[in-house]
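The values are calculated or read from the model by the stated rules, or taken from the named source; none is laboratory data. These numbers were taken from a predicted model, which means no experiment stands behind them. Because the Cβ atoms are built from the backbone with ideal geometry, glycine has one as well, and the counts that use them run over all protein chains shown. Side chains included, ligands, DNA and RNA excluded: accessible areas come from the protein's heavy atoms. Shrake-Rupley method; radii C 1.70, N 1.55, O 1.52, S 1.80 Å.
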Amino acid sequence: GAAGGMGESGAPGGLKRGVATNEWCKITRNRFTHREPKKVAEDDVMVCSWVVEDGVGCGPDCLNRRVLSECDPAYCPCEGACANQRLSRKQYKSTDVRRTGKKGHGLFAAENVNTGDFILEYLGEVLHEDEYHERKQRYKDEGRSHYYFMTLSSSETIDATIRGNSGRFLNHSCAPNCETQKWMVRG
């Protein structure tokens, strides 16, 4: 579904003097604008040597987890008991998007989050650096005051401005209580 915001005219998604709307489409996986998602060859898979304990596999000491790489379900010795497939299984914490006063909207936990818990994946359109620079200029020309870019690598950026998930409402904090991490998921 799509969620809309209030434009300067006061109507949902309205325009005034060429200012862009705040409308965006919620997506459930990243969209690649310049290439197909990578496919992993068997030789590229990092196979951990974890053993299932008490019905749970690949806990905090799993080698893959320590290097911020999800276990590939086709190669993990823990099979369905693997606890290191949170992104691909979309095991997100419950969150709410709420107004934060002068700063617009923010993302808030709707349930208890413990130290080290995974909250959610930042989703959007994965752009090559040339397209990123073009969009940045276009958004500036459109009069947008909020950007939703997250650097993925030296040549790729995730843009959640038009297509993304609630991760786009993450805000800066001078006293942060969570962090961003770049994980490798099936390549």
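Quick notes
- Screening region 109-126 for residues that are of a type in the set (V, I, T) and in a loop (DSSP other than H, G, I, E, B) and picking the one that is surrounded by the fewest Cβ atoms within 10 Å (Cβ to Cβ) gives T115.
- Some residue of region 172-182 being outside any strand (DSSP E or B), charged (D, E, K, R) and surrounded by 13 or more Cβ atoms within 10 Å (Cβ to Cβ): no
- R86 vs. criteria surrounded by 13 or more Cβ atoms within 10 Å (Cβ to Cβ) and basic (K, R): yes
- Subset of region 32-71 (residues that are among the charged types (D, E, K, R), under 30 Å from E131 (Cβ atoms) and under 19 Å from the mean Cα position of the chain (by Cα)): R35, E36, K38, E70
- Of the listed requirements (1) open to solvent by 30 Å² or more (accessible area, probe 1.4 Å); (2) at pLDDT below 95, N64 misses just one: (1).
- Single match in H128, H146 (criterion: touching a residue at least 24 places away in the same chain (Cβ under 8 Å), touching an Asp or Glu at 6+ places or on another chain (Cβ under 7 Å), of a type outside the set (F, W, Y) and over 28 Å from R65 (Cβ atoms)): H128
- Scanning region 139-159 for residues that are surrounded by 12 or more Cβ atoms within 10 Å (Cβ to Cβ) and over 19 Å from the mean Cα position of the chain (by Cα), we see that the one that is nearest to G187 (Cα to Cα) is Y139.
- Note on region 79-103: residues that are in contact (Cβ under 8 Å) with a residue 60 or more places away in the chain and assigned to a loop (DSSP other than H, G, I, E, B) amount to 4.
- Options C71, C48, C76; residue that is more than 28 Å from A160 (Cβ to Cβ), in contact with a strand residue (DSSP E or B) (Cβ under 8 Å, 6 or more places away or on another chain) and either part of a loop (DSSP other than H, G, I, E, B) or touching a residue at least 24 places away in the same chain (Cβ under 8 Å) (or both): C76
- Residue satisfying all of: in region 21-35; at pLDDT 90 or above and part of a loop (DSSP other than H, G, I, E, B); most open to solvent (accessible area, probe 1.4 Å) among these: R29
- G18 assigned to a loop (DSSP other than H, G, I, E, B), at pLDDT below 85 and under 21 Å from F169 (Cα atoms): no
- All conditions but one from (1) surrounded by fewer than 19 Cβ atoms within 10 Å (Cβ to Cβ); (2) closer than 27 Å to R168 by Cα; (3) in contact with a Phe, Trp or Tyr (Cβ under 9 Å, 6 or more places away or on another chain) apply to S94; the one that does not is (3).
- Subset of region 36-45 [touching a residue at least 40 places away in the same chain (Cβ under 8 Å) and either of a type in the set (D, E, K, R) or assigned to a helix (DSSP H, G or I) (or both)]: K38, K39, D44
- Condition check for R138: touching a residue at least 40 places away in the same chain (Cβ under 8 Å), basic (K, R) and under 22 Å from H34 (Cα atoms): no
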